[in-house]
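**Q** One structure, as structure tokens, below. Some questions next.
The values are calculated or read from the model by the stated rules, or taken from the named source; none is laboratory data. Computed from a predicted model, the values in this text were never measured in an experiment. A quick note on method: Cβ atoms are made from the backbone with ideal geometry, for glycine too, and the neighbour counts reach across all protein chains shown. For accessibility, only protein heavy atoms count, side chains too; no ligands or nucleic acids. Shrake-Rupley method; radii C 1.70, N 1.55, O 1.52, S 1.80 Å.
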Amino acid sequence: EADKKMLEQNFYPAGQISEEIHFKDGERHGSFESFWNNCQRRATGRFEQGAEQGLWKEWYYAGNQSSEGSYAKGKRDGIWKFWHSAGPLIEEGPYVLGERHGSFAHFFANGTKWRDVEFKRDAIQVPGAKECRALGAASWILDHKEREEGCKIRLEGKIGSWTTYYSTGERRSEVGYK
């Protein structure tokens, strides 16, 4: 029988640990921990039979938490929370089988609640989003820092109607792009 590793530790060139992974029967299984090259924690969680399982947490390089939620058989499942790099919560909502599904609360970068948005099978349900997705290489963008949303084609930039908001959540402007 071939050698089966039980623990793998990886390191940055300067010697600090980058990740620690446990194995069972040749698959990732057990606790997982990774670190940024500044020794700040990057992610923690568990694997079961090679797939993410249970509670996972991730952090930004500076040490602020970036996300928290659970996995089931390698897919996001249940309530997930996402934080802005400056600290405040920017999004919270449910995942089902790896897709956003249900009501997500969105917050401005200052922590003030912006609005609730519905998702169905990972597709945002706001005016214009369906048409945006139909363009193929386009995606609907929600920018919490700039408080704007709209359709963006990867290489060409903004298209269609874009809306910006005041920190109170009131509409500030609408701009049309070709």
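**Q** Filter the stretch 130-157 down to residues that are at pLDDT 80 or above and of a type in the set (Gly, Ala, Ser) and give me whichever is nearest to residue 90 (Cα to Cα).
**A** Among residues in the stretch 130-157 that are at pLDDT 80 or above and of a type in the set (Gly, Ala, Ser), the one nearest to residue 90 (Cα to Cα) is 150.
**Q** Please specify each residue of the stretch 53-64 satisfying the condition of being under 15 Å from the mean Cα position of the chain (by Cα) and buried (at least 16 other Cβ atoms within 10 Å of the Cβ).
**A** Within the stretch 53-64, 56, 58, 59, 60 meet the criteria.
**Q** Still on this structure, I have one more. Only one of (1) crowded, with 17+ Cβ neighbours inside 10 Å; (2) assigned to a strand (DSSP E or B) is not met by residue 132, so which one is it?
**A** (2)
**Q** Would you confirm, using the coordinates I've provided, whether residue 109 is under 28 Å from residue 126 (Cα atoms) and open to solvent by 40 Å² or more (accessible area, probe 1.4 Å)?
**A** It is false that residue 109 is under 28 Å from residue 126 (Cα atoms) and open to solvent by 40 Å² or more (accessible area, probe 1.4 Å).
**Q** Where residues in the stretch 7-24 are at pLDDT 95 or above and open to solvent by 100 Å² or more (accessible area, probe 1.4 Å), which of them is farthest from the chain's Cα centre (by Cα)?
**A** Among them, the one singled out is 13.
**Q** Pairs please, first residue from the stretch 23-39 and more than 21 Å from residue 66 (Cβ to Cβ), second anywhere and open to solvent by less than 80 Å² (accessible area, probe 1.4 Å) and not in a strand (DSSP E or B), Cβ atoms under 6 Å, 6+ apart in sequence or on different chains.
**A** Hits for this filter: 27/50; 28/50.
**Q** Please go through the stretch 73-88 and pick out each residue that is open to solvent by less than 40 Å² (accessible area, probe 1.4 Å) and on the phi < 0 side of the Ramachandran plot. Give the derivation first.
**A** Step one: of the stretch 73-88, the residues open to solvent by less than 40 Å² (accessible area, probe 1.4 Å) are 74, 78, 80, 82, 84, 87-88.
Selection gives 80, 82, 84, 88.
**Q** In the stretch 31-52, what count of residues is obtained for those that are over 27 Å from residue 88 (Cα atoms), over 18 Å from the mean Cα position of the chain (by Cα) and surrounded by 15 or more Cβ atoms within 10 Å (Cβ to Cβ)?
**A** Residues flagged as over 27 Å from residue 88 (Cα atoms), over 18 Å from the mean Cα position of the chain (by Cα) and surrounded by 15 or more Cβ atoms within 10 Å (Cβ to Cβ) within the stretch 31-52 amount to 3.
**Q** Also, quick follow-up: With the condition kept exactly as written, say whether any residue in the stretch 116-128 is touching a Cys at 6+ places or on another chain (Cβ under 8 Å) and either of a type outside the set (D, E, K, R) or closer than 30 Å to residue 31 by Cα (or both).
**A** yes
**Q** Could you check, for the stretch 140-151, whether at least one of its residues is out of contact with any strand residue (DSSP E or B) (no Cβ under 6 Å at 6 or more places or on another chain) and part of a strand (DSSP E or B)?
**A** Yes: one or more hits.
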